[in-house]
Amino acid sequence: MNKPRLIIDTDPGHDDAIALILAHHFADVKGITTVAGNTSVENGTRNAIRICDLFGIDTPVHRGSSSPIASEASFASEVHGVDGLGGIELPEPSRSETSDLASEFLLDEVEPDVWVVAIGPLTNIAEVLKRDKNWFDRIAGLSVMGGGAHGGNVTAAAEFNIHFDPEAADIVFSAGGNTLMSGINLTHQVQVSEADLTAVYRASPESPRTQFIDQNFVQIIESLRNLTGTSEVAMHDPCAVLSVTHPDLFEFVPRQVAVELHGTHTRGMTVVDERFRVSRDGPMIDVGYQVKANIVKDLILEVLYRDTGGS
(Lines give C-alpha, C1' and ligand atoms only; values in the text may rest on other atoms or scores of the structure.)
Protein backbone atom coordinates (compact mmCIF):
# COMPACT_ATOMS: atom_id res chain seq x y z
CA MET A 1 0.00 0.00 0.00
CA ASN A 2 1.39 3.38 -1.01
CA LYS A 3 2.07 5.93 1.68
CA PRO A 4 -0.02 9.13 1.67
CA ARG A 5 1.75 12.17 0.21
CA LEU A 6 1.92 15.20 2.49
CA ILE A 7 3.18 18.74 2.77
CA ILE A 8 3.61 19.83 6.40
CA ASP A 9 2.97 23.48 7.28
CA THR A 10 4.42 23.97 10.76
CA ASP A 11 5.80 26.22 13.50
CA PRO A 12 8.15 23.88 15.45
CA GLY A 13 7.31 23.68 18.45
CA HIS A 14 7.54 20.63 20.76
CA ASP A 15 4.54 18.71 19.43
CA ASP A 16 5.32 19.87 15.89
CA ALA A 17 8.63 18.01 16.23
CA ILE A 18 6.75 14.82 17.12
CA ALA A 19 4.34 15.34 14.23
CA LEU A 20 7.23 15.81 11.77
CA ILE A 21 8.80 12.52 12.89
CA LEU A 22 5.49 10.67 12.56
CA ALA A 23 4.78 12.21 9.16
CA HIS A 24 8.10 11.04 7.75
CA HIS A 25 7.53 7.56 9.16
CA PHE A 26 3.99 7.03 7.87
CA ALA A 27 3.90 9.23 4.75
CA ASP A 28 5.86 10.51 1.80
CA VAL A 29 6.56 14.11 2.80
CA LYS A 30 6.98 16.29 -0.28
CA GLY A 31 8.03 19.40 1.62
CA ILE A 32 7.90 21.40 4.83
CA THR A 33 6.72 25.01 5.00
CA THR A 34 7.17 27.10 8.12
CA VAL A 35 5.10 29.83 9.71
CA ALA A 36 5.29 32.06 12.77
CA GLY A 37 3.33 30.74 15.76
CA ASN A 38 4.88 28.87 18.66
CA THR A 39 8.05 30.86 17.93
CA SER A 40 9.33 33.19 15.23
CA VAL A 41 9.39 31.84 11.68
CA GLU A 42 13.20 32.11 11.75
CA ASN A 43 13.41 29.91 14.86
CA GLY A 44 10.80 27.52 13.52
CA THR A 45 12.61 27.12 10.21
CA ARG A 46 15.87 26.46 12.00
CA ASN A 47 14.16 23.90 14.24
CA ALA A 48 12.58 22.12 11.28
CA ILE A 49 15.97 21.69 9.60
CA ARG A 50 17.68 20.54 12.81
CA ILE A 51 14.96 17.94 13.45
CA CYS A 52 15.34 16.71 9.88
CA ASP A 53 19.10 16.51 10.36
CA LEU A 54 18.76 14.46 13.54
CA PHE A 55 16.51 11.92 11.84
CA GLY A 56 18.40 11.77 8.56
CA ILE A 57 15.66 13.52 6.58
CA ASP A 58 16.44 15.69 3.55
CA THR A 59 12.95 17.09 2.95
CA PRO A 60 13.09 20.64 1.53
CA VAL A 61 12.12 23.38 4.00
CA HIS A 62 10.53 26.62 2.78
CA ARG A 63 10.20 29.60 5.13
CA GLY A 64 6.83 31.33 5.18
CA SER A 65 4.86 34.07 6.90
CA SER A 66 6.49 35.90 9.81
CA SER A 67 3.41 37.57 11.28
CA PRO A 68 -0.39 37.30 11.39
CA ILE A 69 -2.52 39.05 8.80
CA ALA A 70 -4.00 41.75 11.02
CA SER A 71 -2.34 41.68 14.46
CA GLU A 72 0.99 41.52 16.24
CA ALA A 73 2.62 38.13 16.77
CA SER A 74 2.26 36.70 20.27
CA PHE A 75 4.44 33.61 20.50
CA ALA A 76 3.88 30.65 22.87
CA SER A 77 7.11 31.15 24.79
CA GLU A 78 5.55 30.06 28.09
CA VAL A 79 5.06 26.57 26.64
CA HIS A 80 7.73 26.21 23.93
CA GLY A 81 10.45 28.56 25.17
CA VAL A 82 11.86 31.46 23.21
CA ASP A 83 13.43 29.19 20.58
CA GLY A 84 10.43 26.85 20.17
CA LEU A 85 12.12 23.77 21.64
CA GLY A 86 12.66 24.91 25.21
CA GLY A 87 16.40 25.36 24.76
CA ILE A 88 17.12 21.73 23.85
CA GLU A 89 20.65 21.57 22.47
CA LEU A 90 20.87 20.33 18.90
CA PRO A 91 23.67 20.72 16.35
CA GLU A 92 23.56 23.72 14.08
CA PRO A 93 21.55 23.16 10.88
CA SER A 94 23.50 21.35 8.18
CA ARG A 95 21.85 23.39 5.44
CA SER A 96 19.96 26.57 4.77
CA GLU A 97 16.27 26.72 4.06
CA THR A 98 15.42 25.75 0.50
CA SER A 99 13.65 29.08 -0.04
CA ASP A 100 11.73 31.84 1.74
CA LEU A 101 8.81 31.28 -0.65
CA ALA A 102 6.50 28.94 1.24
CA SER A 103 3.37 30.28 -0.44
CA GLU A 104 4.86 29.73 -3.89
CA PHE A 105 5.78 26.17 -2.95
CA LEU A 106 2.24 25.53 -1.72
CA LEU A 107 0.81 27.02 -4.90
CA ASP A 108 3.12 25.35 -7.38
CA GLU A 109 3.97 21.94 -5.92
CA VAL A 110 0.60 20.60 -4.75
CA GLU A 111 -1.00 17.71 -6.66
CA PRO A 112 -4.40 15.98 -6.52
CA ASP A 113 -3.11 13.22 -4.22
CA VAL A 114 -1.25 15.52 -1.80
CA TRP A 115 -2.65 16.40 1.61
CA VAL A 116 -1.47 19.62 3.25
CA VAL A 117 -1.21 19.19 7.03
CA ALA A 118 -1.28 22.58 8.76
CA ILE A 119 -0.14 22.28 12.39
CA GLY A 120 0.58 25.94 13.02
CA PRO A 121 -1.40 29.14 12.45
CA LEU A 122 -3.08 29.25 9.04
CA THR A 123 -1.33 32.36 7.71
CA ASN A 124 0.47 30.58 4.85
CA ILE A 125 -2.68 28.74 3.79
CA ALA A 126 -4.73 31.95 3.80
CA GLU A 127 -2.10 33.66 1.66
CA VAL A 128 -2.33 30.81 -0.84
CA LEU A 129 -6.13 31.04 -0.98
CA LYS A 130 -6.01 34.79 -1.51
CA ARG A 131 -3.83 34.15 -4.55
CA ASP A 132 -5.69 31.10 -5.87
CA LYS A 133 -9.31 30.70 -4.78
CA ASN A 134 -9.42 27.31 -6.52
CA TRP A 135 -6.41 25.91 -4.64
CA PHE A 136 -8.55 23.35 -2.78
CA ASP A 137 -9.52 21.85 -6.15
CA ARG A 138 -5.86 20.98 -6.73
CA ILE A 139 -5.15 19.06 -3.50
CA ALA A 140 -6.49 15.96 -1.78
CA GLY A 141 -7.40 17.96 1.31
CA LEU A 142 -6.24 20.08 4.23
CA SER A 143 -5.79 18.65 7.73
CA VAL A 144 -5.71 21.39 10.37
CA MET A 145 -4.66 21.23 14.00
CA GLY A 146 -6.57 24.12 15.48
CA GLY A 147 -9.72 25.34 17.10
CA GLY A 148 -12.09 23.29 19.16
CA ALA A 149 -15.76 22.52 19.43
CA HIS A 150 -16.07 23.48 23.09
CA GLY A 151 -13.68 26.09 24.43
CA GLY A 152 -10.04 27.06 24.12
CA ASN A 153 -6.60 26.84 25.68
CA VAL A 154 -4.83 30.15 25.09
CA THR A 155 -8.04 31.88 26.22
CA ALA A 156 -11.24 30.43 27.64
CA ALA A 157 -12.75 30.52 24.15
CA ALA A 158 -9.87 30.22 21.66
CA GLU A 159 -7.23 27.63 20.78
CA PHE A 160 -3.70 28.95 20.15
CA ASN A 161 -3.24 28.35 16.42
CA ILE A 162 -6.55 30.02 15.53
CA HIS A 163 -6.13 32.81 18.11
CA PHE A 164 -2.67 33.65 16.71
CA ASP A 165 -4.20 34.56 13.33
CA PRO A 166 -8.02 34.49 13.35
CA GLU A 167 -8.29 36.36 10.05
CA ALA A 168 -6.29 33.62 8.33
CA ALA A 169 -8.45 30.90 9.86
CA ASP A 170 -11.58 32.73 8.73
CA ILE A 171 -10.33 32.76 5.14
CA VAL A 172 -9.48 29.06 5.24
CA PHE A 173 -12.65 27.82 6.93
CA SER A 174 -14.81 29.95 4.64
CA ALA A 175 -13.21 28.59 1.47
CA GLY A 176 -15.34 25.44 1.27
CA GLY A 177 -12.48 22.99 0.71
CA ASN A 178 -12.04 19.43 1.91
CA THR A 179 -10.83 20.22 5.44
CA LEU A 180 -10.33 18.15 8.58
CA MET A 181 -10.24 20.10 11.86
CA SER A 182 -8.46 18.35 14.73
CA GLY A 183 -9.43 20.71 17.53
CA ILE A 184 -8.56 20.47 21.18
CA ASN A 185 -11.82 18.67 22.00
CA LEU A 186 -10.27 15.81 19.96
CA THR A 187 -6.57 16.17 20.71
CA HIS A 188 -7.02 16.38 24.48
CA GLN A 189 -8.25 12.79 24.35
CA VAL A 190 -4.70 11.62 23.51
CA GLN A 191 -2.59 12.34 26.59
CA VAL A 192 0.97 11.13 27.23
CA SER A 193 1.96 11.04 30.90
CA GLU A 194 5.28 11.01 32.70
CA ALA A 195 4.62 7.39 33.65
CA ASP A 196 4.09 6.47 29.98
CA LEU A 197 7.36 8.11 29.05
CA THR A 198 9.39 6.59 31.86
CA ALA A 199 8.28 3.09 30.92
CA VAL A 200 8.89 3.41 27.20
CA TYR A 201 12.20 5.32 27.52
CA ARG A 202 13.67 2.66 29.80
CA ALA A 203 12.68 -0.05 27.32
CA SER A 204 14.06 1.75 24.26
CA PRO A 205 17.59 1.73 22.83
CA GLU A 206 19.47 4.88 23.77
CA SER A 207 20.50 7.13 20.91
CA PRO A 208 20.71 10.86 20.14
CA ARG A 209 17.25 10.54 18.63
CA THR A 210 15.57 8.97 21.64
CA GLN A 211 17.43 11.40 23.90
CA PHE A 212 16.00 14.31 21.91
CA ILE A 213 12.49 12.86 22.05
CA ASP A 214 12.77 12.33 25.79
CA GLN A 215 14.12 15.85 26.38
CA ASN A 216 11.37 17.24 24.17
CA PHE A 217 8.70 15.58 26.32
CA VAL A 218 10.43 16.58 29.57
CA GLN A 219 10.55 20.22 28.50
CA ILE A 220 6.92 20.50 27.47
CA ILE A 221 5.63 18.59 30.50
CA GLU A 222 7.61 20.89 32.80
CA SER A 223 6.18 23.94 31.02
CA LEU A 224 2.63 22.58 31.26
CA ARG A 225 3.07 21.67 34.91
CA ASN A 226 4.02 25.27 35.67
CA LEU A 227 1.20 26.64 33.50
CA THR A 228 -1.68 24.24 34.14
CA GLY A 229 -0.62 21.96 36.98
CA THR A 230 -0.80 18.84 34.81
CA SER A 231 1.99 16.34 34.12
CA GLU A 232 0.44 15.08 30.89
CA VAL A 233 0.83 16.44 27.37
CA ALA A 234 -1.83 16.26 24.67
CA MET A 235 -0.75 15.05 21.24
CA HIS A 236 -2.22 18.01 19.35
CA ASP A 237 -0.20 18.15 16.13
CA PRO A 238 0.33 14.38 15.79
CA CYS A 239 -3.46 13.97 15.56
CA ALA A 240 -3.58 16.15 12.43
CA VAL A 241 -0.99 13.90 10.77
CA LEU A 242 -2.47 10.60 11.92
CA SER A 243 -6.00 11.59 10.90
CA VAL A 244 -4.68 11.44 7.32
CA THR A 245 -2.39 8.42 7.61
CA HIS A 246 -4.71 6.41 9.91
CA PRO A 247 -8.23 7.75 9.25
CA ASP A 248 -9.87 4.64 10.72
CA LEU A 249 -8.74 5.76 14.19
CA PHE A 250 -10.69 9.04 14.07
CA GLU A 251 -14.30 10.17 13.79
CA PHE A 252 -15.12 13.43 12.02
CA VAL A 253 -18.54 15.06 11.53
CA PRO A 254 -19.36 17.72 8.90
CA ARG A 255 -20.08 21.07 10.58
CA GLN A 256 -20.25 24.73 9.76
CA VAL A 257 -17.46 26.55 11.58
CA ALA A 258 -17.22 30.32 11.97
CA VAL A 259 -14.19 32.13 13.40
CA GLU A 260 -14.90 34.99 15.79
CA LEU A 261 -12.81 38.02 14.83
CA HIS A 262 -14.00 40.78 17.15
CA GLY A 263 -15.17 39.54 20.55
CA THR A 264 -13.45 40.98 23.61
CA HIS A 265 -13.39 37.56 25.26
CA THR A 266 -13.90 35.36 22.21
CA ARG A 267 -11.54 36.56 19.46
CA GLY A 268 -10.15 33.45 17.74
CA MET A 269 -12.97 31.19 18.89
CA THR A 270 -14.13 28.53 16.43
CA VAL A 271 -17.91 28.60 16.64
CA VAL A 272 -18.98 25.07 15.65
CA ASP A 273 -22.64 24.83 14.67
CA GLU A 274 -23.91 21.57 16.16
CA ARG A 275 -27.61 22.25 15.60
CA PHE A 276 -29.63 19.62 13.76
CA ARG A 277 -30.58 20.96 10.32
CA VAL A 278 -31.75 19.27 7.14
CA SER A 279 -29.65 21.56 4.98
CA ARG A 280 -26.92 24.19 5.34
CA ASP A 281 -26.33 27.29 3.25
CA GLY A 282 -22.60 27.65 3.85
CA PRO A 283 -19.38 25.63 3.54
CA MET A 284 -18.85 22.66 5.83
CA ILE A 285 -15.64 21.24 7.26
CA ASP A 286 -15.09 17.92 9.00
CA VAL A 287 -14.72 18.46 12.75
CA GLY A 288 -13.01 15.77 14.82
CA TYR A 289 -14.93 14.40 17.79
CA GLN A 290 -13.64 10.94 18.64
CA VAL A 291 -10.28 9.18 18.50
CA LYS A 292 -9.17 5.70 19.54
CA ALA A 293 -6.89 7.34 22.06
CA ASN A 294 -5.02 4.36 23.48
CA ILE A 295 -4.23 2.98 20.03
CA VAL A 296 -3.04 6.39 18.82
CA LYS A 297 -0.88 6.92 21.91
CA ASP A 298 0.74 3.49 21.59
CA LEU A 299 1.34 4.13 17.89
CA ILE A 300 3.07 7.44 18.62
CA LEU A 301 5.31 6.04 21.34
CA GLU A 302 6.21 2.97 19.30
CA VAL A 303 7.45 5.12 16.42
CA LEU A 304 9.21 7.68 18.60
CA TYR A 305 11.09 5.33 20.90
CA ARG A 306 11.37 1.97 19.20
CA ASP A 307 11.49 2.76 15.50
CA THR A 308 13.24 6.09 14.99
CA GLY A 309 14.91 5.39 11.70
CA GLY A 310 12.83 7.89 9.71
CA SER A 311 10.71 7.01 6.71
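Looking at region 208-311, the trypsin sites (Lys or Arg not before Pro) that sit in a DSSP loop and have at most 16 other Cβ atoms within 10 Å of their own Cβ are Arg275, Arg277, Arg280, Lys292. Here the chain carries DSSP beta bridges of which approximately 35% are antiparallel, counting only pairs with both residues inside. Relative to the 2.2 N^0.38 Å rule of thumb, region 26-185 has a C-alpha radius of gyration ratio of 1.01. Could you let me know the centre-to-centre spacing of region 1-31 and region 202-216, using Cα atoms, in angstrom? Value for the Cα centre distance between the two parts: 19 Å. Net charge dipole, the chain: roughly 500 debye, given to the nearest 20, about the Cα centre with Cβ charges of +1 for Lys and Arg and -1 for Asp and Glu. Placing R0 at 41 angstrom, the Cβ-Cβ distance between Glu251 and Asp100 gives a FRET efficiency of 0.60 after rounding to 0.05. By accessible area, using a 1.4 Å probe on protein heavy atoms only, the chain has 48% of its surface on carbon and sulfur. If you plug the beta carbon distance of Arg306 and Asp58 into 1/(1 + (r/R0)^6) with R0 = 22 Å, you get a FRET efficiency near 0.40.
Largest GNM mean-square fluctuation among Ala27, Ala240, Ala118, using the chain with Cα springs under 10 Å: Ala27. Annotation: extensible slack from Thr228 through Ala258 equals 8.0 nm (criterion: 0.36 nm per residue apart, minus Cα-Cα distance). When the charge dipole of region 1-157 is built from unit charges on Cβ atoms (+1 for Lys and Arg, -1 for Asp and Glu) and taken about the Cα centre, the candidate among Pro112, His62, His80 whose Cα reaches farthest toward its positive end is Pro112. Restricted to Cα atoms, the chain shows a radius of gyration and a Dmax of 17.9, 56 angstrom. Shown here for region 110-174: trypsin sites (Lys or Arg not before Pro) in loop regions (DSSP other than H, G, I, E, B) with at most 16 other Cβ atoms within 10 Å, namely Lys133. Ignoring the sites themselves, the chain has its longest run without GluC sites (Glu not before Pro) in a DSSP loop having at most 16 other Cβ atoms within 10 Å at 110-205. Accessible area per residue for the chain, computed on protein heavy atoms with a 1.4 Å probe, is 41 Å².
The values are calculated or read from the model by the stated rules, or taken from the named source; none is laboratory data. Predicted model only: the values in this text are computed from it and were never measured. So basically every Cβ, Gly included, is an ideal-geometry build from the backbone, and we count neighbours across all protein chains shown. The area values use the complete protein model at the heavy-atom level, side chains included, leaving out ligands, DNA and RNA. Shrake-Rupley method; radii C 1.70, N 1.55, O 1.52, S 1.80 Å.
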